[in-house]
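The values are calculated or read from the model by the stated rules, or taken from the named source; none is laboratory data. Everything quoted here is computed from the prediction, not taken from an experiment. Positions of Cβ are generated from backbone atoms using ideal geometry, with glycine treated the same way; all protein chains shown enter the neighbour counts. SASA here: full protein model, heavy atoms, side chains in, ligands and nucleic acids out. Shrake-Rupley method; radii C 1.70, N 1.55, O 1.52, S 1.80 Å.
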Amino acid sequence: MELELEKYLSPIDLEELNIFGQIKENQRIINSIKINKDNEKILLDDIQIVILGVPESRGAVNNYECLHAANEVRKELYKLFRWNKPVNIYDLGNLKVGTTLEDTYEALSDVISYFIEREIIPIIIGGSNDLAFANYRAYEKLEQVVNIAAIDSQFNLGNVEEKINSNNYLNSIILQQPNFLLNYSNIGYQSYLNSPESLAMMKELYFDTYRVGALRKDILEVEPIVRNAEMVSIDISAVRRPDAPGNPNASAHGFYGEEICHIAYLTGISEKMSSFGIYEFNPAYDNNNQTAQLISHTIWYFIEGYLGRCGDMLFQNKENYTKFSVTVNDAPENLVFYCSKKTGRWWILVPVIHPTKNINQKYFLPCSEKDYKLACKDIIPERWWLTFNKLNK
């Protein structure tokens, strides 16, 4: 697929950002990346990461002003010092929104699929959370099966009878036909913000759900979740209001700022991850640019993680992994684990068995050392059960 990107994008007005007096050093990000600031031909040779603002909020619920987020984040991101390793980044400016919301979805999905096809990672700065639906449709256009991880305090199932919006966009992904969604993981939901019926539906669909309190006990348990995802989205309201006040729907509880940056780092380090979005930041509610700064730090850590990729998810040489086989009662066969000698990351094999279709395969599911220790105690890890039931239903 070929696109004339210039028709989809609006260049950045650096004078409007008004930050030149604060960024004299060459080591600052603004002097280390390519920026679409003129109506010139966009060339993506050797580009690894692109930044894309999407000033669209017609699908927002009680958060219309989030369409102004991207430039406010840029003001803070550009001031930061660059990374210790070289990386080719192109800030492409903002997407030209469509006449209708559906037009914006179509344009955004076209652009994202264009990048994914070329193995260029887009960082999307929304805009409202329903733009994740357009992100999903990019994989659909490429006919690629996708795992989604959403850092969000809510499941966004909402009312299926309403038009798509930031509170119900997940319904549109689930109901889309043909469907290319393999798995959806919610990271950081808060029970009192979600109905018991919606939690029951998530379990019925074999989706992974992780409460914010449970993850706070060991934030590293987020790593295998995001390692299994091609698409990762962050609703900034998943961060507690004291750390990210720039959202009218923010809760008193949620992830701390340091935790969301750590999650972004773990996301970036995964070779499987191919698109990353941050949504629902409303500058009208921000306090001393606090949320804009946090999002800029989150993006910085995501790219820092990207620069730490080491290729141990490719399994090209099994001598680089230690294999463990554990007998567990009630499991259909021994649970087989692999641990990377390079990074210490773990995987567990999940059998995919369909006798009528003559299918007998193995799925490498990212897991943690805790899952291995559970198996050693004769307990089948929950993430294995969920995946086994989903793949063999």
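Points to keep in mind about this one:
- Being farther than 18 Å from Asp208 by Cα, modelled with pLDDT of 95 or more and open to solvent by 40 Å² or more (accessible area, probe 1.4 Å) holds for only one residue in Lys341, Lys373, Lys362, Lys318, and it is Lys373.
- Any hit, the range 235-249, residues being under 25 Å from Leu365 (Cβ atoms), in contact (Cβ under 8 Å) with a residue 12 or more places away in the chain and in a loop (DSSP other than H, G, I, E, B): no
- Of all the residues in the range 180-208, those that are touching a residue at least 24 places away in the same chain (Cβ under 8 Å), of a type in the set (S, T, N, Q) and open to solvent by 40 Å² or more (accessible area, probe 1.4 Å) number 0.
- Glu106 being modelled with pLDDT under 95 and not aromatic (Phe, Trp, Tyr): no
- No other residue among Tyr285, Tyr279, Tyr306 is open to solvent by less than 20 Å² (accessible area, probe 1.4 Å), farther than 28 Å from Glu382 by Cβ and modelled with pLDDT of 95 or more apart from Tyr279.
- For the range 301-324, the set of residues classified as under 13 Å from Ser340 (Cβ atoms) and either part of a helix (DSSP H, G or I) or free of Cβ contacts under 8 Å to residues at least 12 places away in the same chain (or both) consists of Gln316, Asn317, Lys318, Glu319, Asn320, listed by residue number.
- Sole residue being under 23 Å from Ser274 (Cβ atoms) and open to solvent by 40 Å² or more (accessible area, probe 1.4 Å), chosen from Lys85, Lys75, Lys96: Lys85
- Residues satisfying the stated conditions in the range 7-41, i.e. touching a Lys or Arg at 6+ places or on another chain (Cβ under 7 Å) and at pLDDT 80 or above: Tyr8, Leu9, Ser10, Pro11, Ile12, Leu14, Leu17, Gln27, Arg28, Ile29, Ser32
- Members of the range 41-69 found to be open to solvent by less than 10 Å² (accessible area, probe 1.4 Å) and of a type outside the set (Asp, Glu), listed by number: Ile49, Val50, Ile51, Leu52, Gly53, Val54, Ser57, Gly59, Asn63, Cys66, Ala69
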